[in-house]
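Notes for the one structure printed next.
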Amino acid sequence: MTKRLTHISQILLIGWLLAWCGVAQAQNFNARDLMRAQQRGETNSLYGGNPYAQSGEEGEEQEGQQQDTTKKEKKIRKPLESYFFSDSVRALNNFKWNISRDYNRVDIAPLDTMLTDYRIDYPFYRQDVGDIAQGALGQASLPLNYFRRPQSFDFIFADPYYAYTYHMENVPFYNSKRPLIRMDYAESGQKRFREENFGILVAQNVSPSTGFNVDYKSRGTRGQYIWSRTKNHNVSVAVSHTGKRYSVHAGFYNNHIEQQENGGVVGIWAIADTVFERPSGVPMKLAESQAQNTYRNNGFFVTQSYGIPLQRLTDRDFSMAGLSAVYVGHSFEYSSWSKVYTDIRANYVDERGHRDEAGNFVRDTFSYYKNWYINPSQTRDSIYERKISNRFFVQAQPWDRNGVVGTIDAGVGIDLHTYAQFRPSDYTAGKYTQVNETSYFFYGSVGGKIKKYVDWDADMRFYPSGYRGGDLKIGAHLALTGYLRGHPLVLEGRFSMDRRSPNYWQENLFSNHYVWSAPLDKENETRFEVKFSLPDYAFEAGVWQGVTTDKIYYGTDSDVAQKSGSLSLTSVYARKDFRLGGLHLDNRVLMQWSTDQDVAPVPLLSAFLSYYYEFWVVRDVLRLQIGLDGRYNTRYYAPGYNPALSVFYNQREMEVGGYPYMDAFVMGKWKRMRIFLKYQHVNKGLFGNGEYFSAAGYPLNPGMFKMGISWGFYD
């Protein structure tokens, strides 16, 4: 605990020093200069005036004051001229974005400064109806919406932690006119079982086009249930320069995850039919085995591009977005993952293993794992994966970046894969078996827009031969926007066809509990999506349809399996937020159908409902929300979780669902500070069937009080 506090203190000290430097710089903009700039109408100008320039820097004499010709004229700081950002984005005081791994593009993302969803402290619950979860902060999860589930080719064992981990395409970059520091902290429960959620963000621009940021998050729990402690540390460091012609994005990220694996409850009765004095008294299958997973990931990347205008570029051209141009670039990424799973052999006891002839319960003793291939008494499975990726791309901008044909992209890439694991022969060799694979591919895309009414794009990627040879992905997207009394109506359609190779670990694995080595066929999947939305009225509805052939999945014994033939899945999603004065009724509903529940189990109905009242306590100073959140899904054979493999598998022993899980909260925003108070699982013991499971065998957290604070400093 002392080391952790020291680590946090160091981070806070660094953030304070950076903020102090930024404040010293920001003090050059005094109130008198700002008032005069506003009178001249310069502060809101993107083209005629420089929002970063100090008073008098733009060559104009100040009112009532003669120009001092004896002083050397100050150099004018250029504004943000990058073609990446539109006028409306540049006008923002602070904004963030993510970069594309393959293309010369960025994706603008909103800054999280509002009350909306702030109280939802588990990140996997923030999108549509949420996830299938082990239960606590920092633990594994899987989206309930089948079409949101991760489909990564690299290190699939980290997929259950997708909501926490950084990678190249979700590392954030910031542009801030003033230094930005934001700190978040939330905690719950008694000290012995506490959940803690801490984060700090430091972002500062050296110039309008150049900036850096550090984003650190520490999330985890000491465990309401026995042997369920988690530690989840994630950090990203990013530097960017987005100039008129040249742009570069570079970043480093580190993900470190530790999770004690208790294997779930010994039986449903331990949650639904028995009252324990403390949750820590609930018997768990792997509690005596001391099973644990440790994940480590390090990565860094740099992507850069240079623009060559095909028309004369003058000082009147604020950016290259409106000119014919060609961009050439390169992207490099290094990422390494390791996973170590340990346990000792120990059976567990189910006090209600079966009934005797008289109908009385009889205790049974079970072993969690059937096989012990390497060591019959203990396990230490270690695997390692590394990828080094290079991409060279060209982007043509025929006329206007926002034209009917805005950009045409083409690129070639090469990925170097390394896989390492223990095999029986390694006893004598003294080192792990290492496998190296190389995959190369080419890809391209084209896209554009017609004013503000039509956006379209299409893309393709193909692996001609070798490792992943024959893999092909094709996609297309069309968005039509109309306006009714000034309010936008958006109709979107997406199509994708994906022929993909199985992951290396799905074909090759040797561990203490699971062994397989067999080739698998490629998966073929076709998806369609149609979505209609009314953003100003908080309404959206969407339909997904997917058909998969030769689906790869983890079966009832957690072994890799492949379905022969096709599988069809349909999802229908709707969101509507009603508002009656200060009363908000927010509704998210998802319905799903699967033609084979043994291969792709999904609940028929899932919902997230949030009803609250919002009002000003002090006008323009303090705003409050008071309300209830509720989650629910119908009963079905939910996936189980296998600790040794770190995957969700299909089980047919336990049905899950039919239980409403509710939280009561009070949330407030005072200037730049947000606060929430919440009692999680407020309905425990009041109503419901008592089976508060999400993943099979893993109970959600019992009732507990939470509190959190987020404070943003901008200067």
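General remarks:
- Gyration tensor (Cα) of segment 549-623, equivalent ellipsoid semi-axes in angstrom: 44, 14, 9
- A simple charge model with +1 on the Cβ of Lys and Arg, -1 on the Cβ of Asp and Glu and nothing else charged puts the dipole of segment 82-713 at about 1980 debye relative to its Cα centre.
- Degrees separating the helix 31-40 axis from the principal Cα axis of the chain, which is the longest one: 70
- Using the Stokes-Einstein relation with a Kirkwood hydrodynamic radius computed over Cα pairs, the translational diffusion coefficient of segment 98-235 at 20 °C and a viscosity of 1.002 mPa s comes to 127 µm²/s.
- Using C-alpha pairs under 8 Å with a sequence gap of at least 6, the mean separation divided by the residue count of the chain gives a relative contact order of 10 percent.
- Cα lying deepest toward the dipole's positive end in the chain, options ASN650, THR595, HIS354, charges on Cβ: ASN650
- Structure-based [θ]222 nm, the chain - -39500 (n - 2.57) summed over DSSP H runs of at least 4, per residue, nearest 500: -2000 deg cm²/dmol
- Compared with the rule-of-thumb size 2.2 N^0.38 Å for a compact globular protein, the chain has a Cα radius of gyration ratio of 1.04.
- Reachable lysines from LYS191, criterion Cα separation under 26 angstrom, eight or more residues apart if same chain: LYS3, LYS217, LYS231, LYS285, LYS678, LYS684, LYS706
- Nearest-20 debye value, segment 174-272 charge dipole, Cβ charges on Lys, Arg, Asp, Glu: 360
- Dipole size of segment 445-532 about its Cα centre, with +1 on Lys/Arg Cβ and -1 on Asp/Glu Cβ: approximately 460 debye, rounded to the nearest 20.
- For segment 629-715, the relative contact order is 29 percent, taking Cα pairs closer than 8 Å that sit 6 or more residues apart in sequence and dividing their mean separation by the residue count.
- Peptide ranges 570-577, 208-215 listed from the most packed, as the mean C-beta count within 10 angstrom indicates: 208-215, 570-577
- Cβ-derived FRET efficiency at R0 60 Å, VAL530 paired with VAL362, nearest 0.05: 0.65
- Compared with the dominant principal axis of the Cα atoms in the chain, helix 2-26 is inclined by about 10°.
- Ordering of 631-641, 614-624 by packing [mean C-beta count within 10 Å, highest first]: 631-641, 614-624
- Listed peptides 157-163, 321-327 by packing density, highest first (mean Cβ within 10 Å): 157-163, 321-327
Readers should treat all values here as calculations from the given coordinates under stated rules, not as data from a laboratory. Because the structure is a prediction, the values reported are computed rather than measured. With ideal geometry, Cβ positions are generated from the backbone for all residues, glycine too; neighbour counts draw on all protein chains shown.
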